[in-house]
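Notes follow once the structure below has been shown.
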Amino acid sequence: MADGQSHAFESTVPFGAANVVTLCVSCSDGRFVLQTDEFMARFISQPACDRLAVPGGAACLAGHVPVWREGEVVGESVRFLQRAHDLKTVILVAHEDCGFYAKTLGIGAENMERFQIEDLHKAADRIRGSAPVEVKAFYARRAGGKVRFEAVVV
(Lines give C-alpha, C1' and ligand atoms only; values in the text may rest on other atoms or scores of the structure.)
Protein backbone atom coordinates (compact mmCIF):
# COMPACT_ATOMS: atom_id res chain seq x y z
CA MET A 1 0.00 0.00 0.00
CA ALA A 2 1.61 3.24 -1.14
CA ASP A 3 1.39 6.44 0.90
CA GLY A 4 -1.84 8.32 0.35
CA GLN A 5 -3.84 5.23 -0.63
CA SER A 6 -6.98 4.16 1.14
CA HIS A 7 -6.73 1.58 3.90
CA ALA A 8 -9.61 -0.38 2.40
CA PHE A 9 -10.11 -2.43 -0.73
CA GLU A 10 -13.42 -3.10 -2.42
CA SER A 11 -13.55 -6.07 -4.74
CA THR A 12 -14.98 -5.63 -8.21
CA VAL A 13 -16.25 -9.20 -8.06
CA PRO A 14 -19.87 -9.32 -6.91
CA PHE A 15 -20.68 -11.38 -3.83
CA GLY A 16 -22.07 -14.71 -4.93
CA ALA A 17 -24.63 -16.51 -2.87
CA ALA A 18 -24.34 -19.51 -5.18
CA ASN A 19 -24.64 -22.99 -3.76
CA VAL A 20 -21.05 -24.14 -3.20
CA VAL A 21 -20.83 -27.90 -3.75
CA THR A 22 -17.10 -28.50 -4.34
CA LEU A 23 -14.06 -28.36 -2.07
CA CYS A 24 -10.48 -28.08 -3.32
CA VAL A 25 -7.73 -29.35 -0.99
CA SER A 26 -4.36 -28.22 -2.29
CA CYS A 27 -0.89 -27.16 -1.23
CA SER A 28 -0.43 -23.57 -0.14
CA ASP A 29 2.68 -23.16 -2.34
CA GLY A 30 2.25 -19.73 -3.92
CA ARG A 31 3.88 -20.88 -7.16
CA PHE A 32 0.77 -22.95 -7.93
CA VAL A 33 -2.05 -20.82 -6.45
CA LEU A 34 -3.15 -18.86 -9.52
CA GLN A 35 -2.94 -21.94 -11.73
CA THR A 36 -5.02 -23.96 -9.24
CA ASP A 37 -7.63 -21.19 -9.14
CA GLU A 38 -7.80 -21.22 -12.94
CA PHE A 39 -7.97 -25.04 -12.97
CA MET A 40 -10.91 -25.01 -10.55
CA ALA A 41 -12.74 -22.30 -12.48
CA ARG A 42 -12.15 -23.47 -16.03
CA PHE A 43 -11.58 -27.23 -15.95
CA ILE A 44 -13.63 -28.25 -12.92
CA SER A 45 -16.16 -25.44 -13.63
CA GLN A 46 -16.23 -24.43 -9.97
CA PRO A 47 -14.85 -20.88 -9.59
CA ALA A 48 -16.81 -20.47 -6.33
CA CYS A 49 -15.66 -23.49 -4.36
CA ASP A 50 -14.58 -24.06 -0.80
CA ARG A 51 -10.78 -24.22 -0.46
CA LEU A 52 -8.36 -25.68 2.02
CA ALA A 53 -4.79 -24.73 1.15
CA VAL A 54 -2.23 -26.14 3.56
CA PRO A 55 1.44 -27.08 3.17
CA GLY A 56 1.52 -30.40 1.33
CA GLY A 57 -2.19 -30.31 0.54
CA ALA A 58 -3.81 -33.69 1.15
CA ALA A 59 -0.55 -35.14 2.52
CA CYS A 60 -1.71 -34.47 6.06
CA LEU A 61 -4.71 -36.75 5.43
CA ALA A 62 -2.47 -39.68 4.47
CA GLY A 63 -1.51 -40.73 8.01
CA HIS A 64 2.04 -39.34 8.28
CA VAL A 65 3.02 -39.25 11.96
CA PRO A 66 4.85 -35.86 11.82
CA VAL A 67 1.64 -34.16 10.67
CA TRP A 68 -0.96 -36.18 12.55
CA ARG A 69 -2.43 -33.09 14.26
CA GLU A 70 -2.70 -31.20 10.98
CA GLY A 71 -4.48 -34.21 9.53
CA GLU A 72 -7.05 -34.14 12.32
CA VAL A 73 -7.70 -30.42 11.77
CA VAL A 74 -8.00 -30.74 7.98
CA GLY A 75 -10.11 -33.89 8.31
CA GLU A 76 -12.52 -32.11 10.64
CA SER A 77 -12.58 -29.12 8.29
CA VAL A 78 -13.55 -31.37 5.38
CA ARG A 79 -16.34 -32.94 7.47
CA PHE A 80 -17.59 -29.54 8.61
CA LEU A 81 -17.64 -28.10 5.09
CA GLN A 82 -19.39 -31.20 3.77
CA ARG A 83 -22.15 -30.83 6.37
CA ALA A 84 -22.39 -27.04 6.16
CA HIS A 85 -22.44 -26.81 2.36
CA ASP A 86 -23.69 -30.28 1.42
CA LEU A 87 -20.57 -30.78 -0.69
CA LYS A 88 -20.83 -33.23 -3.56
CA THR A 89 -17.18 -33.31 -4.69
CA VAL A 90 -13.73 -32.95 -3.16
CA ILE A 91 -10.82 -32.19 -5.49
CA LEU A 92 -7.32 -33.09 -4.24
CA VAL A 93 -4.34 -31.42 -5.90
CA ALA A 94 -0.69 -32.37 -5.37
CA HIS A 95 2.20 -30.77 -7.25
CA GLU A 96 5.75 -31.56 -8.26
CA ASP A 97 8.71 -30.18 -6.32
CA CYS A 98 6.71 -29.85 -3.10
CA GLY A 99 8.75 -28.38 -0.27
CA PHE A 100 6.49 -30.01 2.33
CA TYR A 101 7.43 -33.48 1.10
CA ALA A 102 11.12 -32.55 0.89
CA LYS A 103 11.52 -30.66 4.16
CA THR A 104 8.83 -32.05 6.48
CA LEU A 105 8.62 -35.65 5.29
CA GLY A 106 12.22 -35.97 4.02
CA ILE A 107 11.21 -37.38 0.63
CA GLY A 108 13.79 -36.94 -2.12
CA ALA A 109 12.94 -35.67 -5.58
CA GLU A 110 13.46 -39.13 -7.11
CA ASN A 111 10.64 -40.64 -4.96
CA MET A 112 8.42 -37.63 -4.39
CA GLU A 113 5.80 -38.15 -7.12
CA ARG A 114 5.29 -41.81 -6.15
CA PHE A 115 4.75 -40.85 -2.49
CA GLN A 116 2.39 -38.03 -3.46
CA ILE A 117 0.27 -40.33 -5.64
CA GLU A 118 0.09 -42.88 -2.81
CA ASP A 119 -0.94 -40.08 -0.44
CA LEU A 120 -3.68 -38.93 -2.82
CA HIS A 121 -5.10 -42.47 -2.65
CA LYS A 122 -4.90 -42.57 1.15
CA ALA A 123 -6.43 -39.10 1.51
CA ALA A 124 -9.25 -39.99 -0.90
CA ASP A 125 -10.02 -43.14 1.10
CA ARG A 126 -10.03 -41.18 4.37
CA ILE A 127 -12.37 -38.53 2.98
CA ARG A 128 -14.74 -41.10 1.47
CA GLY A 129 -14.81 -42.89 4.82
CA SER A 130 -15.99 -39.79 6.67
CA ALA A 131 -18.15 -37.90 4.16
CA PRO A 132 -20.55 -38.93 1.38
CA VAL A 133 -18.68 -37.19 -1.43
CA GLU A 134 -17.04 -37.99 -4.75
CA VAL A 135 -13.27 -37.53 -4.59
CA LYS A 136 -11.12 -36.67 -7.60
CA ALA A 137 -7.36 -36.15 -7.59
CA PHE A 138 -4.89 -34.35 -9.83
CA TYR A 139 -1.14 -33.99 -10.04
CA ALA A 140 0.18 -30.59 -11.17
CA ARG A 141 3.49 -30.31 -12.95
CA ARG A 142 5.35 -27.63 -14.86
CA ALA A 143 5.02 -27.98 -18.62
CA GLY A 144 6.74 -25.50 -20.89
CA GLY A 145 6.49 -22.57 -18.50
CA LYS A 146 2.88 -23.39 -17.57
CA VAL A 147 1.26 -25.88 -15.21
CA ARG A 148 -0.52 -29.04 -16.38
CA PHE A 149 -3.05 -30.79 -14.12
CA GLU A 150 -3.15 -34.54 -14.76
CA ALA A 151 -5.93 -36.76 -13.44
CA VAL A 152 -4.97 -39.41 -10.89
CA VAL A 153 -7.39 -42.30 -10.49
CA VAL A 154 -8.24 -42.63 -6.79
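The values are calculated or read from the model by the stated rules, or taken from the named source; none is laboratory data. What you are looking at is a predicted structure, and each value in this text was computed from that prediction instead of being measured. Glycine also receives a Cβ, built like all others from the backbone with ideal geometry; neighbour counts cover every protein chain displayed.
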Legend entry - Gln5 being in a loop (DSSP other than H, G, I, E, B) and farther than 16 Å from Val135 by Cα: yes
Inset, instruction - Name every residue in the stretch 100-111 that is in contact (Cβ under 8 Å) with a residue 12 or more places away in the chain and either surrounded by fewer than 17 Cβ atoms within 10 Å (Cβ to Cβ) or under 17 Å from the mean Cα position of the chain (by Cα) (or both), in order of residue number. - result: Phe100, Tyr101, Ala109
Inset, instruction - For His95, state whether it is buried (at least 18 other Cβ atoms within 10 Å of the Cβ), within 16 Å of Gln116 (Cβ to Cβ) and free of Cβ contacts under 8 Å to residues at least 60 places away in the same chain. - result: no
Inset, instruction - Filter the stretch 130-145 for residues that are of a type in the set (A, V, I, L, M, F, W, C), under 16 Å from Lys88 (Cβ atoms) and surrounded by fewer than 15 Cβ atoms within 10 Å (Cβ to Cβ) and give the result. - result: none
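Can we say Thr12 is under 14 Å from the mean Cα position of the chain (by Cα) and farther than 24 Å from Asp97 by Cα?
no
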Legend entry - Inter-residue pairs, beta-carbon under 7 Å, first closer than 28 Å to Cys98 by Cα and in the stretch 15-39, second loosely packed, with under 15 Cβ neighbours inside 10 Å and among the small types (Gly, Ala, Ser), 6+ apart: Asp29/Gly99
Legend entry - Given (1) closer than 20 Å to Ser45 by Cα; (2) modelled with pLDDT under 95; (3) touching a Lys or Arg at 6+ places or on another chain (Cβ under 8 Å), number of the condition His85 does not satisfy: (3)
